[in-house]
Amino acid sequence: MTAPHLPKVAGIDSPVPAPAHTSAPAASSALAGEPAGPTPTAATLPAPATGPPDESLLSPLALNALVQDRLAGWIYDLTTLQELTERLARTGTLDDALHELLRAGSTLVGARRGLVTLRPDDGLAPPVTVGLGLGRSDLGHIETIPRPPSSAPPAPGAPPSYGQLLDDLPPVGNRSGTAHPDIAGEDGLDPRHREVAARLGYAASYAVPLESDPPGGTENATGRLGAAVWLYDEPAEPTERQRHLIGLYCGYATEHLARLVELTRARETVATLREELLPSRLPRVAGVRLAVRHRPGPRGGGAWYDALPLPEGALGLAVGGITGSGPSAVAAMGRLRASLRAYAVMEGEDPVAVLSDLELLLRLTEPARAATALFAYCENIEDPLTGDQMHKVVLAGAGHCPPLIIGERGAEYVETSLSAPLGMLACWEAPSVEIEPAPGETLLFYSDGLLHRTGEAMDRAFTRLHKAAASVPQALRHDPEAIADHILRAVLPPERPARGAGADAESDRAAGALTAAAAATGGDSGEDVILLVAHFE
């Protein structure tokens, strides 16, 4: 009798078929790290004492059971890979993706701890290392393992090595893993390797390279991005089936990580450009103390602020934002801020003229963009009645949120006239407003991103900001830094905590709930948050 050909399932061709004496539930349980269930009897699935059964000697009933057993194992493997890859695809940051890679790999190979390190071949990004069940001191101990003699010497300035755990991987192009099933009894290992393993309490390891293998050929490959290793508490090594699954999973994970690395690089580039275009420090002007808080959004928005000393001891304060996001918006923001600085030096005592010139420039050079802006001219004047020094602030706004003043009697918004953003009308014009802050009072200038990130409607966001300003304790009202911190804590929802080595599933669920709530209410708008605080002495 000719044995029927066993079908392939969704392109997965298991290199080693499931043992005939193991049922699908038992194989599934073993993969998940659970005790195996009862095995079928010899009457239903006969098998020799060693090796797989001879399919030509099986009865049709037993052969059908064998086929179903293998199909069940492959379907389980497919389901497991699908669930794990979907969880990885939902990660949006590099740190989350690395932690998810370690958790999924520990499930597939049956290990409890591990680490992953990214060292891109192009060297444009610093190395990143994340541990699972390993603290910083543990990673430091692993770094002390000497490199294997066969490895190339490290280049000057090369990142830390992880010794024989990761440096004895196959060359680029070979995605097979390297196992040390019994570190204590293995010949040829460096004594330091055994010492570190005994100190950290692991007895075996299995390392795999993070290297993609796209169907288009090697010219489309991302190269070797790094490597991951999982540590066993007792002497062990993954089966051929587990190696096959972890290889498939790591191939997909490498491509996902490569995209996140590129995205992280782009965000860091935009963030660096944005920080360079904003003031590197706040000026010191007599009678005024300043503080600023800037939380950039993930997409690189066009919000900006400025504080510049002007002739005759005056001070210019500005906050604004330009439409769009990304590098082009950041560049446009830099041009707009530089232009406002020039106009402020020439005619800063007239904020309306400053914004009028800025609006004309925007229409001529950035016709596809609109912008909001608020400019304030602050100076010290002499009281004509008493001769005492007093503060005078003249400000004008173009579609921007009104400033908030905090005094002894509470907090109130400065009444500014209703005006359109720059670039929206053929000719912009709006009257200025003059106020005289008393000593001890504080002016708050802010971006609309501060209101949008609350996740509430604008009227409620304004109310929330007003309550936060009014609730500043009296002991803090003379410290602009403390005022800024208090308002941000009271206005913005709590941020998702950063993951650490000790993060657990409960904290993940809590962080996920916060993120989902913010997204449902619009709080995760991603806009820049700017809060500029000016305290008058």
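Restricting region 281-348 to trypsin sites (Lys or Arg not before Pro) that sit in a DSSP loop and have at most 11 other Cβ atoms within 10 Å of their own Cβ leaves ARG281, ARG284. Each peptide among 66-79, 348-361 gets the average number of other Cβ atoms lying within 10 Å of its residues, and from highest to lowest they stand as 348-361, 66-79. Less than 13 Å Cβ to Cβ from ILE406, Lys/Arg counted +1 and Asp/Glu -1: what total charge do the surrounding residues give? So the surrounding residues net to -1.
Here region 247-318 and region 415-432 have alpha carbon centers that stand 28 Å from each other. For region 331-340, backbone phi angles converted through the Karplus equation (6.51, -1.76, 1.60; θ = phi - 60°) give residue-by-residue couplings of 5, 5, 4, x, 5, 5, 5, 4, 5, 5 Hz, Gly and Pro being listed as x.
A short reminder: the numbers here are calculations on the coordinates, not readings from a lab. Please read all numbers here as calculations on a predicted model, not as lab measurements. Note that each Cβ is placed from the backbone with ideal geometry, even for glycine, and that neighbours are counted across all protein chains shown.
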